[in-house]
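Trainee: Below is a structure I'd like to ask you about.
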Amino acid sequence: MWMAEKPSNIALIKYMGKSDVQANRPSNSSLSWTLDHLTTRVVLEKHSGPTDVWEPLTTDFPFPMSEKGKLKYLNHLDRLKKVFGVIQNFKVSSGNNFPADCGIASSASSFAALTEVAVNAFTEITGKSMALEEKAKLSALGSGSSCRSFFSGWVLWDGDGVESIDLPLQQLLHMVVIVGGGTKKVSSSEAHQRVPTSLLNRGRNERAEQRLQEFMALAKKGDWTALSQVAWQEFWDMHSLFETCTPPFGYFLPGTQQILNELRACWDASGDGPLVTMDAGPNVHLLWRPEQLNKAQTFFKESIQGQWTCLSNIEGIGFAQV
Ligand code: PMV
């Protein structure tokens with residue numbers, strides 16, 4: 001039996017659109033922050049049945065994946081088996097410590113964890129080892145964003161390679177406000193396919209690359225306010241692509257807009273606040289510097305507590321199990 005656990009990550013500069021669908025090659029570079037407290041655990045066991053099978057892990061990782069996700073997952077296991085020339089069948093048990101399919105990037109942690117556990121198992125079975133970079137690239141074939149989950153802190157994926165980036169701000173407080181937890185009607189795979197039909201997609205790659213450069217320069221300078229503006233512009237850019245492609249779609253719920261309005265009010269009132277971003281889902285991610293702890297707690301008490309579920313790495317605020 002083999003077991004692995006990998007964290008999720010949230011992109012500040014988004015991977016949206018593919019330049020090569022087969023190879024899962026991104027149209028533009030992306031930059032993420034690794035969410036160490038939101039993880040997927042995968043257990044792999046030899047199975048004597050005629051096919052690989054999947055089961056939910058229950059205990060500390062109670063959130064399973066959707067039926068559609070399950071198929072993609074078993075296909076990825078099959079891809080990994082072929083790479084190593086393994087013919088044995090397996091039972092895969094997996095679970096998240098956070099809800100899946102609602103914009104907390106569960107595909108990132110689940111595909112990273114599956115790749116990790118399978119590579120460990122197949123290395124033991126076949127004696128063939130695999131370098132970290134190669135493992136991350138293989139994981140990207142299952143879910144592009146999962147390659148960033150093999151690294152901690154700030155992670156840059158430019159299509160050719162993926163690596164940790166040495167930016168300042170290496171300790172961040174994270175909160176995700178869950179305003180809706182239902183399964184997504186449009187998966188991120190579908191979103192990647194549809195965005196090229198948006199007229200706003202013209203120039204998207206250049207915008208993303210330019211924002212990436214700006215974001216890294218501002219992080220180095222420590223200009224938090226300007227950094228928050230770039231993060232805000234970037235997630236609106238991605239969600240605008242969704243609403244302007246054919247057929248249009250969107251993830252916003254009433255609670256999404258309510259939280260965004262309150263975050264804007266927070267910034268306007270005090271000239272300070274968190275970095276705000278959203279994945280392909282209705283939920284809102286906040287990143288705070290450690291010295292903003294009081295502000296984060298106040299925002300939680302005034303705008304979230306009692307209304308919305310919140311997962312975070314802050315004690316007392318929906319602290320996620322690790
Ligand atoms: O990894 P995928 O194929 O599920 O794509 C995810 C893309 C976004 O989560 C929407 C953005 C990102 O960069 O993580």
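The values are calculated or read from the model by the stated rules, or taken from the named source; none is laboratory data. Note that the structure is a prediction, hence the values are computed from the model and not measured. As a convention, Cβ positions derive from the backbone with ideal geometry for all residues, glycine included, and neighbour counts pool all protein chains shown. SASA here: full protein model, heavy atoms, side chains in, ligands and nucleic acids out. Shrake-Rupley method; radii C 1.70, N 1.55, O 1.52, S 1.80 Å.
Trainee: Somewhere in segment 38-49, is a residue in a strand (DSSP E or B) and out of contact with any strand residue (DSSP E or B) (no Cβ under 8 Å at 6 or more places or on another chain)?
Mentor: No, there is no match, as no residue in segment 38-49 is in a strand (DSSP E or B) and out of contact with any strand residue (DSSP E or B) (no Cβ under 8 Å at 6 or more places or on another chain).
Trainee: Return yes when His192 is crowded, with 21+ Cβ neighbours inside 10 Å and of a type outside the set (A, V, I, L, M) and no when it is not.
Mentor: For His192, the condition - crowded, with 21+ Cβ neighbours inside 10 Å and of a type outside the set (A, V, I, L, M) - is not met.
Trainee: Just to verify a result, which residue in segment 149-189, among those that are part of a loop (DSSP other than H, G, I, E, B) and touching a Cys at 6+ places or on another chain (Cβ under 8 Å), is most open to solvent (accessible area, probe 1.4 Å)?
Mentor: Applying the filter and picking the extreme gives Thr183.
Trainee: Continuing with the same structure: State whether one or more residues within segment 56-77 are part of a strand (DSSP E or B) and either surrounded by fewer than 16 Cβ atoms within 10 Å (Cβ to Cβ) or modelled with pLDDT under 90 (or both).
Mentor: There is at least one residue in segment 56-77 that is part of a strand (DSSP E or B) and either surrounded by fewer than 16 Cβ atoms within 10 Å (Cβ to Cβ) or modelled with pLDDT under 90 (or both).
Trainee: OK, next. When only residues in segment 268-297 that are surrounded by fewer than 18 Cβ atoms within 10 Å (Cβ to Cβ), in contact (Cβ under 8 Å) with a residue 12 or more places away in the chain and among the polar types (S, T, N, Q) count, which is nearest to Ala11 (Cα to Cα)?
Mentor: The residue in question is Gln297.
Trainee: Output the qualifying pairs, or none if there are none: Cβ atoms under 8 angstrom, residues six or more apart or on different chains, first residue in segment 16-39 and within 10 Å of the ligand (Cβ to nearest atom) and open to solvent by 40 Å² or more (accessible area, probe 1.4 Å), second residue part of a loop (DSSP other than H, G, I, E, B) and polar (S, T, N, Q).
Mentor: As it stands, the answer is Lys18/Asn24; Lys18/Ser27, since those pairs meet every condition given.
Trainee: Taking only pairs six or more apart or across chains, which ones have beta-carbon atoms under 8 Å, a first residue in segment 217-231 that is closer than 19 Å to Asp166 by Cβ, and a second residue that is of a type in the set (S, T, N, Q) and open to solvent by 20 Å² or more (accessible area, probe 1.4 Å)?
Mentor: none
Trainee: Does any residue of segment 298-309 turn out to be surrounded by 14 or more Cβ atoms within 10 Å (Cβ to Cβ) and among the basic types (Lys, Arg)?
Mentor: no
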